[in-house]
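Please treat every number below as a calculation from the coordinates, not as lab data. As the structure is a computational prediction, the values presented were derived from the model and not from experiment. When we count neighbours, we look across all protein chains shown, and the Cβ atoms used for this are built from the backbone with ideal geometry, even at glycine.
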Amino acid sequence: MRANLPTLAALALVVLLIAGVGLAAGAVIERVAADMLIKLVVVLGLSVFIGNSGVLSFGHASFAALGAYSSAWFTLPLTAKKIFLPKLPAFVLGTQLGLPGGAAAGIAFASFFALVIGLVVVRLSGIAASIATLAWLAIVNTVLANADSLTKGTSSLVGLPMVVGVKTAALGALIALLAAYLFRFSRYGLMLRASREDEAAALASGIPVRSVRLRAFVLSGAIVALGGILQGHFLGVLSVGQFYFEFTFLTLAMLVMGGMRSVSGAVVGTVVIGMVSELLRIGAGGFMIGDLAVPSVPGIREIGLAVIMLGVLMARPRGIMGDRELRLPGWPFNTRG
């Protein structure tokens, strides 16, 4: 693991650089940087399971939703809870926690469900496992959309303390980065990648494939839940549709474009897609080039991202980074163990 410390240092510097740019620039850039760092938390969570196991999951947005809502139950002001969610259990209605306590509750809640559904998912492989996670996402979305007493249903839940800025988002990204790094270069990460390359050979070698996949799935769900919690307290509002297909597509696009098989790929993909997405969003609203007015083009953001993804993946099928990791030049331990 020591031989890969330059990778951790380089990626941590990228996170700090994003945060520094956000703090040094204006309010608009600051919000863009914070949103990018929150998305990075989610993408790093996806990489823990998808990148190491090779099993594509479409259902991790459900853990972001579960974490965000269960955290909000404890962080909402008492008055707001009694107005918006009066049917919550009495101990929840009478308890108000700060972001750390609420985040701990949300992560624990989401991790429990990750463990439950993970017991099913790890028994499957390939497209069957992917479809199972998609079915789980649909179940969670439908339940939350109809649970008026817990989520206000299809209405937005407002009043969350907006306590997440660039600094808090950067701290969350660093925590997620450390967790993804430690798992990838641990013996569990090595065993999981061995099963990704040849599951039959891994089983024959005595690797408990299901057990290792379950560990990765639960850890992945916990990190994604942290991303959902940060997003809820960044925007100050939650809606069920916020964590559905668009969220799933965007975060998976970041992971796939950067490269699923490396932690650096998750970081690079998030930065590239985040910057391009923001530029396309600005362009979609119309802009001026000298005296020429370019009209707004609805949908250009989604189309542009799809075209860019196709182009990158045609040139580099394994993403920008592929299997490689960024390394900090001049690091004293830049050697391979």
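Please compute, for the alpha-carbon atoms of the range 34-95, the extent along each of the three principal axes and give them in descending order in Å.
For the range 34-95, the Cα spread along each principal axis is 44, 25, 15 Å.
Ranking E302, E246 by Cβ neighbours within 10 Å, fewest first, what do you get? List each step's numbers first, then the result.
Details: E302 15, E246 12.
Going from sparsest to densest Cβ surroundings: E246, E302.
Return the aspartates and glutamates within reach of K81: Cα separation strictly under 14 angstrom, same-chain partners fewer than 8 residues apart disregarded; answer none if there are no such residues.
Output for K81: D148.
Taking the mean number of other Cβ atoms within 10 Å as a proxy for protection, how do you rank 79-86, 134-141 from highest to lowest?
Numbers: 79-86: 14.8, 134-141: 18.1.
The densest-packed peptide leads the list: 134-141, 79-86.
Can you tell which of L144, V224, I29 lies farthest toward the positive end of the dipole of the chain, using +1 and -1 charges on the Cβ of basic and acidic side chains (Lys, Arg; Asp, Glu)?
Value computed over the given set: V224.
Residues of the range 235-270 with amide nitrogen under 20 Å from the 7 Å Cα-to-Cβ point of I83?
Within reach of a label on I83: 235-240.
Could you give log10 I(q)/I(0) at q = 0.12, 0.22 Å⁻¹ for the range 1-125, computed by the Debye formula over C-alpha point scatterers of equal weight, without solvent?
-0.68, -1.19
Using a simple charge model, +1 on the beta-carbon of Lys and Arg, -1 on the beta-carbon of Asp and Glu, nothing else, what dipole does the chain show about its Cα centre, in debye to the nearest 20?
Numbers: 24 positive and 12 negative charges, 155 e Å.
Rounded to the nearest 20 debye, it is 740 debye.
Computed over the Cα atoms of the range 148-203, what is the ratio Rg over Rh, Rh following Kirkwood? Numbers along the way, then the final one.
On the way: Rg = 19.6 Å, Rh = 15.1 Å.
Radius of gyration relative to Kirkwood radius: 1.30.
Could you rank the peptides 218-226, 197-205 by their average count of other C-beta atoms within 10 Å per residue, with the highest value first? Walk me through the numbers on the way to the answer.
Values: 218-226: 28.0, 197-205: 12.2.
Descending mean neighbour count gives 218-226, 197-205.
Which value in nm describes the separation of the simple spin-label points at D323 and I139, placed 7 Å from the Cα toward the beta carbon?
Going by the 7 Å Cα→Cβ label model, 3.6 nm.
Computed over the Cα atoms, what is the radius of gyration of the range 2-240 divided by 2.2 N^0.38 Å, N being its residue count?
Working: Rg = 18.6 Å, N = 239, 2.2 N^0.38 = 17.6 Å.
So the range 2-240 has a normalised radius of gyration of 1.06.
Using each residue's phi in the range 208-215, evaluate 6.51 cos²θ - 1.76 cosθ + 1.60 at θ = phi - 60° and report the 3J(HN,Hα) Karplus result to the nearest Hz, with x for Gly and Pro.
Here the 3J(HN,Hα) series is x, 4, 4, 5, 5, 5, 5, 4 Hz.
What distance in nm separates the two pseudo spin-label positions at F91 and I29, each 7 Å out from Cα along the beta-carbon direction?
Between F91 and I29, the simple spin-label model gives 4.8 nm.
Which one, A80, A114, T168, projects farthest toward the positive side of the charge dipole computed for the range 2-240 from Cβ point charges (K/R +1, D/E -1)?
The residue sitting most towards the positive pole is A114.
Do any chymotrypsin sites (Phe, Trp or Tyr not before Pro) in the range 226-263 lie in a loop, going by DSSP, with at most 12 other beta-carbon atoms within 10 Å of their beta carbon, and if so which? Kindly include the intermediate steps, with their values, before the conclusion.
Numbers: sites: F234, F243, Y244, F245, F247, F249; in loops: Y244.
Answer by residue number: there is no such site.
Can you tell me which of I50, I229, I29 moves the most in a GNM of the chain? Springs connect C-alpha atoms under 10 Å apart.
Result for the chain, Cα springs under 10 Å: I29 fluctuates most.
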